[in-house]
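Worksheet: one structure, shown below.
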Amino acid sequence: MKISTTLYFDRSTQMLGNLQSNLTKTQEQLSTGLQIVKPSDEPDKAALVTRLESEISKQVSYQENLKSVNIRLTAEETALKNTSEVLYRIKELSVQAANDTLSAQDRQSVALEISTLRDQIVSLANSQDANGNYLFSGSKATQPAFSADATGRITYQGDHARMKVNVGDSRRMNLNMPGSDAFVRVVRDDGKGNRVGVDFFQTLDDIVTAVKNSDRANIQRGVSEIDTLQTGVSEGVAQVGADLTVVDLQNNVLDQVVLRLKTTRSDVEDLDYTEAITRMNKDQLALEAAQSSFAKISQLSLFKYLS
Amino acid sequence: MSDMLGIASNAIGAYQRALSTVSNNIANVNTEGYSRQDVVLKDSAPKKLASMYIGTGVMLQNIKRQYDEFAESNLRNSNSDLSSQTPMVDYTKRVMDIMGDKNVGLSSALDAFFASASELSTDPASSVLRTSFLRSAEGVASRFGELSSQLDLVVTETRQGLESVAAQINTLTGQLALINQSLSRSSTLEGQPAELLDRRDLTLRQLSELVRTKVAFTQNGTVNVSLGATMTEGLVVDGQKARPIGVNAAVSGKTEFVLDPYGSTEPLPAISGGLMGGYQAFISQVLEPAHKNLDVLAQVFVTETNNVQRNGIDGYGQMGQDLFAIGTTSSHSANSISSLISDGLRVATAAQFRVSEGNTNVTTTRATVKFTDKTPATALSNSSLVNNSNATAAVTFKVDGVSEYVPVTALSAGVGATFYLDDMAPGQQLQVMTRDGRQVLGRGLTETEKYQLFTPLNGFEANANFSDQYLNKEGALGYRGLDMFYGAKAEVLYRQSFDGNGVSLKSEPIPALLQTNRITSLTKTIPSGAMQLNGVSLAALAPNPNSEALISGLSFGSSVAAPFSFKALIGGQKIELGNFSAGSMVALRDELQASLRVADGGSADIKVSLTNNDADILISDQKGRDITNLTFIKVDVADDSNVGSVRIQSGANQVVNWLNGTSRVAFSGLALGVGANAGFDKLSFKLGGVSYAVDNIAALDIDALAKELQTQLRDLDQAADIRVIVENQKLVIEDQAGRSMSDVNLEPKDKTSGATAGVMALRQSVTSQSNVLATSVSEIRASVSTLDFSKNINLNGQAFNGIATLTGLIQAINDADIGLMASVHASGELVIEDTSGAAISVGKLTGGNLMNIDAGVYGAQVRMTQVARDWTIPATSLDFSRPLDLNGQTVLTQPTGVTNLQGLIDAINLKSEQTGVVAFIDDNNDLKLSTTDIKGTLTISVGPGMDADGRYLSNALGQVPMDYDAGYRLKAVMAKTPTDPIETDVRLTFGSYLQGDPEVLTYGTPADLAQLGLRTGVYVEDGCPDDLLLFVTGKGSAKVAVEYNGEPDNMRDSLRSQSLTVTFTASDRYTITDDKTGTVLADRYFDTNVLEPTIDFQGLHIKLSHAASVGDSFRIDGNFDGIGNNVNMLDMVGLAKTPVAEGKTINNAYIDQINSVGNLSQQALITQEALQVVNDQAIEARDKVVGVNLDDEAAALVRYQQAYQAAAKALQVSGQLFDAIVQIS
């Protein structure tokens, strides 16, 4: 077939240009380490990359949530464990106070100690997290959970919001524990056959009063009621502990998920160096061949032989 | 030989040209558009020599331009196809890079937004996180904007690209026209210069790159070019004329082209191919959808986030406000999103409702609450009821068959409405209930009615229970403390007044006025207790079918023997009786009766009797004819006799008396004693605060006592309202004017005589308790402008004929002595009234009457007016050392000598006869002033005013010295909180009474009210926070009309403003209580077998973790301080996973958008590669024909050179031959 001289030159330069552009691209990929430098490089894969990015960001956000939950739960656990220990001491003292051998004066000092321990529990129940939020006041996070009401009784001032946070695509977990869940009420017979609920701190106050007054019957009742309070606090500790386990488990799950997503993204987006270098060598070779062949072939002309 | 020379020289010439053609080819080897040229050599015509032909050499026939029309056209098409992909590939890449970029693309911004929402949900109280959430929200807004403006940039570029392509097309078509012009010089194609044709083809090829063309060549090589599919439309080169294309100025926002925009404009057919087609395809397939989808996405994002935000509570406890707004400045919504909130605390993280467990709950049951907004309902569920209280717009409801009721409608919460019941059968009632079975208005339901009513089909909650705890109760006892009312009612009206400049002044209250329709006949007895007026139970109304007139206070004079004449209008019949000769009441009675019966045609229907200790005359007509215009007339005006006052017992007057009631005191077991000191010394009491005392009582038996007391009291009162009668051996003192009676004391002269007043029973009149005064009004009215003096009229049996003027008519009526008074009212109406309250009859005339009103008997109406008689002055403002004037009378002067409130009261009451003002201590130990006039409209003027120096003086009341009129007193009453409706309104409602044997609790009925000319209404004017259900009970059919205003409550806002408590009252029962008013809104049973009981109330869904025990309570209220609540933020986070954008999540919708652009981009790339191959082939195919190959040319050069040299040799040989011949010779 006949090829005109112009066409030959045109085609040759075009091919050299193509080879050079391939090399430039490979060089760009090599220097960025990415298979897809710009979304338009592989338009069909750009959506996938974006989707993966978005998914990773979501999972990372779950991990961030877990960190927050962890901090809060740990603080709750500390407060409740300490409360539990203080309650043991109160129980000890109450049992001691119930002992007949104790004099009224001894009981006064026991009452004083129980009263101090009660104050300690109040401050534990009003623990705050790192952000200054009261741990146990439900969603009224800026107000102390337990404080004295108008009559001077210490009652629960928070609300009963039990909030959850997302820690996975289909997993929510407890964020807070309303104080009334751990600092429970005891049910008492009001003497008229009715069952009434009595506040946590009221119960402690009643013990203090009973001990102070050497009121044996009420000291006994108090001793048994402390068990109920202890149970409530222990259940709170158990629940927080269980939630902390969930945090660990979920963290592991999320690590796995993120790793998997990142691997997938890397497969799509990151450069296969071996392939890229091979490709570069190939293109280089082709360019060199094209250049040298062009140099040679373009020399060939019949006019050279006409003299 | 010359032949040989000729042949050789010809050949040399031919080859010389061939060689220059080859050189030309070589020279143009790099010329664009150049077509290789070839020489065509031909042998010359042979010469005939004898019988053979001999060649004559060669000739150059033609220099041929190498050309293949098919290859050329193929290349043009291929050019168009290929170049059409260029913009698609280049710009789609741009769009791809914009949308898919991590920094510009939306996806990362959305991720950041939801991540910060998620982070905020872990610590909603943190203001840092709140602010960072807002920053990320702004990030999304600005990302939308950036994306949109990047796309805008592409729009601008592609437009400019298109316009530049159009300009190039115009240049090329212009060139083609010029080429055509040059070509037209030759009529054949062969005659055309090759260079010109090359230029033509090159231009066409260039044009084909810009746009796909259709080309037609003519005989001589000129070309016509069309942009359309045929050569008839879209012709851009038409012979020697080019037609430019340009932007269609009529279309904005888009780039559309027309042909010849400044000449005879022609629409351009759809352009395909070429750069222009490529640009347009890119714009319509990629750019516009991308832009549009981005806008849609922006709108979805804004709407959805705003919805979530509006459903939550912000850090201030308020409902969340919109997070974003879409402005109107740009045509692209993505470009105009602005963030509305800058204060982190305004981020609505919290739930709207919350539930809290009672502090003394026994169980640890936990409750959660959720609110599902119900779509706001229409005001009324029954769409056939229209908002028009007129009876003509009423809808008929019929109760028949086994059903005891018919549902009327449900009234949506918050809508104020008044329902009226008309044309009801006796015993029919309107009943108003809540969906939870609280009966609010109506009358107690029977068991059958309860059984039938309580179904969810009637709008009740499935587990609703009946309660009549709030039935017809007012004030604090009422349902939610609301003022709902059943019966007939009038409220304070406001009169708008204007000052001299037409500026409206503060509106003045007018006392409430309830006016009945005309009462023509009373037939049914209303039992005692069936009706209540302002909370006062009314006695029985036993209608008197007889017409009666009572003349009281008549007394004989001392000088004239025959003191009176008499006149009356009985059933339209005028009766006038001459001077009576009787000198005593008994004689007068007998004489009057005899004369009346004669005047009545000898019938015995008219009866005259004496009553009230023979002090009063009663005239009755058993036929029930109207008695009116009845009066005694003094014969001698100067005589000291008294004609007394007349009371006509018309239907209206009976109702008036019934409504006002009488104040009375009854002494039972009264004894006058025996002996010298028998009898009573003194009777004293107070009427309306004014003291009355009778002493030196002479009577020694009870009848005489009654007579003596009555005479004396009437003298004291200077009226005939007081009567003293003996009723069943009881002494009864009665005030028919209904003034309040107090401090009654009947004192025996000497108790040892055995005289005793016995047991005293005091009963106050209705009017003194209800603050309502009833009066009767009998009048007919007609607008003066409608009077027709060509007609006549007949009033009360008297004909008025041939009267031509209004003054003439008024004069004639007033002179006719038929008990009627005519006048023109300020409203421009002719008013004809009967002051005695009797009915007015209008006679029937053919052709109608002068006043243009229907003939018939016009009964009187009853007006019930709220009396503003009292004025309370706080004890704190009193100053006992100051002087006081009341109504111009001096009450106290300085030094006053008064030291306490009682002293002041005594001083005021001492002057009450002159001032008309009495004083009391009220329940709050404040001073209460009251006027003694019966209508309570007397002004209380407080003084002293200014002293001689013009300075205002202070007074004992501590009030500004001025006139305090009824309007002022009314305002003072209304300013009190809480306002007692009894003090401001007129309310006539139903009561209950026992009837029959065995006794059954029976209720007053709307039919009773209808008899009084009043409409029964259910008044819920201020609306109720709960839906109300209306029913009609009682057999028969009734009409219900309604007037309503306002929109149904937004249940969410309404519920948030309430605080409700769910209390478990039994193991299977709970109540829902409104904490503000203590109203029990619902009392329901629940299924104890359900493990997690749920409670639904007005869209609130309360879920309990397990059954609660008796006494446990849960409070549900709006969340106002839960700054640490994250429920709503979780909804915001959840938005990331909610398919809100046509079934996709927002982020996925965006990614899909990237995907679809990516696909288009990929597709364009592949197409471009394929077309490139085609194009290469087309170029090669053309090149094969027209291309110049230097090797070829070198060969041709050698070939022609050799031929040239050979021909030159032949020339040389021919010369040698010629020389040889010349040498021979």
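Where a number appears in this text, it was derived from the coordinates with a stated rule and is not lab data. It should be emphasised that the depicted structure is a prediction, and the values quoted were computed from it without experimental measurement. In this analysis, Cβ positions are derived from the backbone assuming ideal geometry, glycine residues included, and neighbour counts consider all displayed protein chains.
A few points about this structure:
- Listed residues A:MET15, A:MET177, A:MET163, most fluctuating in chain A (Gaussian network, C-alpha, under 10 Å): A:MET15
- Low-density loop positions, trypsin sites (Lys or Arg not before Pro), segment B:1075-1138 - DSSP coil, at most 16 other Cβ in 10 Å: B:LYS1076
- The trypsin sites (Lys or Arg not before Pro) of segment B:399-445 include none that meets both criteria, a DSSP state outside H, G, I, E and B (loop) and at most 16 other C-beta atoms within 10 angstrom of the site's C-beta.
- Average beta carbon contacts from partner chains per residue of B:1173-1186, 10 Å cutoff: 2
- Stretching the chain fully between B:SER954 and B:SER581 yields a gain of 128.1 nm (0.36 nm per residue, less the alpha carbon separation).
- Label-point separation in nm, B:LYS1103 to B:MET974, each point 7 Å along Cα→Cβ: 5.2
- Eligible lysines near B:LYS567 by straight Cα distance, threshold 20 Å, same-chain separation 8 or greater: B:LYS607, B:LYS623, B:LYS634
- Full-extension gain in nm, B:ASP906 to B:ASP947, via 0.36 nm per residue minus C-alpha separation: 12.2 nm
- Between the helical axis of A:216-269 and the longest alpha-carbon principal axis of chain A there is an angle of about 0 degrees.
- Dipole moment magnitude, nearest 20 debye, segment B:1013-1098 about Cα centre, only Lys, Arg, Asp, Glu C-beta charged: 400
- Cβ charges +1 (Lys, Arg) and -1 (Asp, Glu), total dipole of segment B:567-609, debye: 80
- For segment B:865-937: rounded, prolate or oblate by the Cα gyration tensor [a/c cutoff 1.5]: oblate
- Label-point separation, A:THR24 to B:LYS473 (7 Å along Cα→Cβ), nm: 9.0
- At full extension, B:LEU457 and B:THR786 could sit 113.1 nm farther apart than now, given 0.36 nm per residue minus the alpha carbon distance.
- Theoretical FRET efficiency, 1/(1+(r/R0)^6), r = Cβ-Cβ of B:LYS42 and B:VAL296, R0 56 Å, to 0.05: 0.15
- Simple label model, 7 Å out from Cα along Cβ direction - B:ASN852 to B:ARG1199, nm: 12.2
- Against the main long axis of the alpha-carbon atoms of chain A, helix A:5-32 sits at an angle near 20°.
- FRET efficiency estimate (nearest 0.05) - Cβ-Cβ, A:ASN82 to A:ASP149, R0 25 angstrom: 0.50
- Amide hydrogen neighbours beyond the local backbone of B:SER841, cut-off 5 Å, H modeled: B:ASN796, B:TYR858
- Counted as membrane-span-like here are DSSP H helices of chain B whose alpha-carbon atoms extend 18 Å or more along the helix's own axis and whose Kyte-Doolittle mean is -1.0 or above; these are B:2-27, B:69-100, B:106-122, B:127-183, B:194-210, B:288-310, B:585-599, B:702-717, B:1146-1186, B:1190-1224.
- Unit charges at the beta carbon, dipole of segment B:560-672: most positive-side option, B:ILE627, B:GLY601, B:ALA587: B:ILE627
- Relative contact order %, chain B, counting alpha carbon pairs below 8 Å whose residues are six or more apart: 18
- Segment B:479-516 residues near the modelled B:VAL831 label - backbone nitrogen below 16 Å, point 7 Å along Cα→Cβ: B:513-516
- Measuring gaps between exposed loop sites in chain B (chymotrypsin sites (Phe, Trp or Tyr not before Pro); DSSP loop; at most 16 other Cβ atoms within 10 Å), the longest gap, sites not included, is B:317-788.
- Taking amide H atoms as placed 1.01 Å from N in the peptide plane, the amide H of B:VAL39 lies under 5 Å from those of B:LYS64, each 5 or more residues away in sequence or on another chain.
- Counting only aspartates and glutamates at least 8 places from B:LYS398 when in the same chain, those with an alpha carbon closer than 20 Å to its own are B:ASP422, B:ASP423, B:GLU449, B:ASP1008.
- Given +1 at the Cβ of Lys and Arg, -1 at the Cβ of Asp and Glu and no other charges, the dipole of chain B around its Cα centre is 2680 debye to the nearest 20.
- Low-density loop positions, trypsin sites (Lys or Arg not before Pro), segment B:929-1022 - DSSP coil, at most 15 other Cβ in 10 Å: B:LYS935, B:ARG951, B:LYS976
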